[in-house]
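The values are calculated or read from the model by the stated rules, or taken from the named source; none is laboratory data. Keep in mind it's a predicted model, so treat the numbers as computed, not measured. Here the Cβ positions follow ideal geometry from the backbone for every residue, glycine too, while neighbour counts run over all protein chains shown.
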Amino acid sequence: MTPALPHAVENGRPASLPDAPEIEVRDPARGTRVGSVPQQSRDSVASVVARARAARPGWSELTVRARCALLKAARRRFVAARSEIIDLLARETGKTRFDATGEAVAVCLDVRAACRHASRALAPEVVSRGFPFGKRRLVLRKPHGVVGVIGPWNAPLTLTLGDALYALAAGNTVVVKPSEVTPLAVSRAVRAMAEALPADVLQVVNGAGEAGAALVDEVDMVAVTGSPQTGRRVMERAARRLTPVLLELGGKDPMIVLEDANLERAASAAVWGGFFMAGQVCMSVERVFVVDAVADDFTRLVVEKTSALRVGPNDREMDLGPLTTAAQLAIVERHVGDAVAKGAVAAVGGTRREDLGELFYAPTVLTGVGPGMDVMRDETFGPVLPVCRVRDEEEALALANDSPFGLNASIWTSDLARGVRLARRLESGCVCINDCILNAGDPELPFGGVKQSGLGTRHGGIDGIRAFTRPCAVRIDPGRSPRDPAWFPYRLRTSRFVERAMGWIWG
């Protein structure tokens, strides 16, 4: 049954857009129609943002406690609609029900974390007294206004609503634009949550590039999760109005397996980290560097565990499903083809699973890979795990850092102090030791990349709220004196006294 979806959502109510062309959403596992959303016009996007701007003063003037109470009420509406939301998410992305449910859980945890830290994050910060004497200093945290959130197609709930919830807690109103590839679950979730919120505080617009560009042109801050190419386009457009941006972009995340690692755990993590959500995760394991002393044993375990994975449509118990788009499948095939042509071997997989459907690709382990191959340089974003043998940790570290990306990384060793030392030297926004991927879903840790992997961080407790605010410096004088010594008229003796005082204090 095709779900009936509104053409747009205005505070939880369908908006009438009879002339809007529709974007049809299809199930990548079966090719069947799941639903549709409108291709909203520039004027329609501007109208939605205008309503969000009108709603912003009332929302931001609520106490933090009142806002958080409403966000928790919105979470209850989200949970009440969870079955429909998870169904839509699984069908439009092709991911397993387990992974789709995990996204819904992450949204609930984000509400908890945002509300837990909001009061402290937004409280006026008293700066210590000092020169000049008699002045008080405060730093206030003010919301930007209307925040636009542009989400990706691979984890639309987590990576769209996650930003929206922190922005709302900070006192902003929010307009989200999910990917046109996977817009249904986000649209339904926003409709559910908006029922518990004041009018126009949380809204959604749908469409492709034109809708995204219109949103960037209208809002006061924009948060984007996507490819480096998307990030550059958004940043260039935002620069026209000097609109602040938060970018979480792609990764080519290295995994370093040292000779003292727990190989059973490391191999299991490599398989899960490489093939989770069919590898379509920006912080997935995209490159494995294993020291030569344990490379044979590690690779054998990885091949065995990969061979046991269950692949298929998500109406059965499966470990991974299809690629979400044909374009992503083409990248996977190109990277594997390039690697094999340059001497790599597909120890398992390496082909489409056409018996399952058009967009299925077998989980693939590549051995004999080298740093010059596309699969070791460019983001693959698919179920491919290249394993590269290295002499020692120094070679592993050099190769891991030899990348334009720097999002996530993992180090596998029984010596935790050694792991921390290596983590300091990795050029990455995030590092796990004997763990992988799940740090991105930990709302208590900051998550963001360096180099071409992004700009700014999300989550991280207090910092996650403050990412959606701007500081306002306030300086307070008691106001009892008729003038300050620094004001007109200037006195020559004052200037000479200050010169002498410089020598007494700093000479």
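What the table below lists for this structure:
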{"item": "Single condition Gly429 does not satisfy, out of (1) more than 30 Å from Glu248 (Cβ to Cβ); (2) modelled with pLDDT of 90 or more", "result": "(1)"}
{"item": "Test set (1) touching a helix residue (DSSP H, G or I) at 6+ places or on another chain (Cβ under 7 Å); (2) in contact (Cβ under 8 Å) with a residue 24 or more places away in the chain - Ala238 fails condition number", "result": "(2)"}
{"item": "Hits in segment 51-72 - residues which are under 24 Å from the mean Cα position of the chain (by Cα) and either farther than 13 Å from Leu202 by Cα or exposed (fewer than 15 other Cβ atoms within 10 Å of the Cβ) (or both)", "result": "Cys68, Lys72"}
{"item": "Out of Asp319, Asp297, Asp292, sole residue that is touching a Lys or Arg at 6+ places or on another chain (Cβ under 7 Å) and more than 24 Å from Pro28 (Cβ to Cβ)", "result": "Asp292"}
{"item": "Failed criterion for Phe468 (all others in (1) over 16 Å from Asp253 (Cβ atoms); (2) surrounded by fewer than 19 Cβ atoms within 10 Å (Cβ to Cβ) hold)", "result": "(2)"}
{"item": "Qualifying residue in segment 130-145 (condition: assigned to a helix (DSSP H, G or I) and modelled with pLDDT of 95 or more)", "result": "no"}
{"item": "Only one of Ala90, Ala46 that is crowded, with 18+ Cβ neighbours inside 10 Å and either within 23 Å of the chain's Cα centre (by Cα) or in contact (Cβ under 8 Å) with a residue 12 or more places away in the chain (or both)", "result": "Ala90"}
{"item": "Given (1) among the polar types (S, T, N, Q); (2) modelled with pLDDT of 95 or more; (3) not assigned by TED's automatic domain parsing to the domain that holds Leu122, index of the condition Asn11 fails", "result": "(2)"}
{"item": "Pair list, Cβ under 7 Å, 6 or more apart: segment 396-424 residue surrounded by 15 or more Cβ atoms within 10 Å (Cβ to Cβ) and at pLDDT 95 or above, other residue among the acidic types (Asp, Glu) and assigned to a helix (DSSP H, G or I)", "result": "Leu422/Glu393"}
{"item": "Among (1) buried (at least 22 other Cβ atoms within 10 Å of the Cβ); (2) under 16 Å from the mean Cα position of the chain (by Cα) - the single one Cys432 does not satisfy", "result": "(2)"}
{"item": "Count of segment 302-345 residues which are hydrophobic (A, V, I, L, M, F, W, C), assigned to a loop (DSSP other than H, G, I, E, B) and surrounded by 14 or more Cβ atoms within 10 Å (Cβ to Cβ)", "result": "4"}
{"item": "Test: residue in segment 359-378 that is at pLDDT below 95 and either under 30 Å from Gly456 (Cβ atoms) or of a type in the set (A, V, I, L, M, F, W, C) (or both)", "result": "yes"}
